[in-house]
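Below: one structure, written as structure tokens.
The values are calculated or read from the model by the stated rules, or taken from the named source; none is laboratory data. All values derive from a computational prediction rather than experimental measurement. Neighbour counts are summed over all protein chains in view; Cβ atoms, including those assigned to glycine, are modelled from backbone coordinates with ideal geometry. Accessible surface areas use protein heavy atoms only, side chains included; no ligands, DNA or RNA. Shrake-Rupley method; radii C 1.70, N 1.55, O 1.52, S 1.80 Å.
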Amino acid sequence: MKYWPLFVATTVLCWGAYVPTIHAGQLAFNGKNKAMWAFLFVGVAYFLVAVLAPLVFLMLAREPSQLGNGRAVGVSTLAGVLGAVGALGVVLALRSGGSPLTVPPLVFAGAPIVSTLIAMIIHRPEKAPDWQFFAGILLAAAGASLVLRHKP
């Protein structure tokens, strides 16, 4: 059985809830540095989920250590840095005046476009995308614009 749609749905739900939740966390702290306190606990959660969970999976698999080469470690670490810097960007956007009604449409409409373009550079397609691909990019941008313009 293929579980990837379940994992995609889980990610959509979690990432969709991230911005309003981190904003609520920031508001719950006291003092001038409440955004950084909230982000610190995001880091604690990253440790619990991104370090301890894979260790458990690897131990259960009883697979000998296979770190691969330096490129594997480096690119994977870069991916983690990009994820963490993106999360920090959300925290700083909220801290500097963005709201949970404005930040997510920009992030979650823009990120898939950037992700797709970078994936196309890394995994070059055999042929150029059809016009519908470019129309989809324009529609994603237009959708974010409409959400921002008519937010509650």
All positions within region 15-36 that are within 17 Å of Pro104 (Cβ to Cβ) and either hydroxyl-bearing (Ser, Thr, Tyr) or open to solvent by less than 80 Å² (accessible area, probe 1.4 Å) (or both): Gly16, Ala17, Tyr18, Val19, Pro20, Thr21, Ile22, His23, Ala24, Gly25, Gln26, Ala35
Conditions (1) among the aromatic types (Phe, Trp, Tyr); (2) open to solvent by less than 80 Å² (accessible area, probe 1.4 Å); (3) within 27 Å of Pro112 (Cβ to Cβ); number of the one not met by Tyr46: (2)
Yes/no for Thr77 being polar (S, T, N, Q) and under 19 Å from Val12 (Cα atoms): no
Options Phe39, Phe133; residue that is over 20 Å from the mean Cα position of the chain (by Cα), among the aromatic types (Phe, Trp, Tyr) and open to solvent by less than 100 Å² (accessible area, probe 1.4 Å): Phe133
Qualifying position, being among the polar types (S, T, N, Q) and either open to solvent by 100 Å² or more (accessible area, probe 1.4 Å) or touching a Ser or Thr at 6+ places or on another chain (Cβ under 8 Å) (or both), among Ser65, Ser145, Ser76: Ser65
Test: residue in region 89-111 that is part of a helix (DSSP H, G or I), more than 19 Å from Ala17 (Cα to Cα) and out of contact with any Cys (no Cβ under 9 Å at 6 or more places or on another chain): no
Pair list, Cβ under 8 Å, 6 or more apart: region 61-86 residue closer than 15 Å to Phe39 by Cα, other residue open to solvent by 90 Å² or more (accessible area, probe 1.4 Å): Ala84/Tyr46
Tabulated pairs, region 109-122, first under 10 Å from Ala140 (Cβ atoms) and without any contact (Cβ under 8 Å) to a residue 24 or more places away in the chain, second assigned to a helix (DSSP H, G or I) and among the hydrophobic types (A, V, I, L, M, F, W, C), C-beta under 9 angstrom, 6+ apart or interchain: Thr116/Phe133; Thr116/Ile137
Residues of region 112-128 that turn out to be in a helix (DSSP H, G or I) and over 20 Å from Gly16 (Cβ atoms), as a count: 6
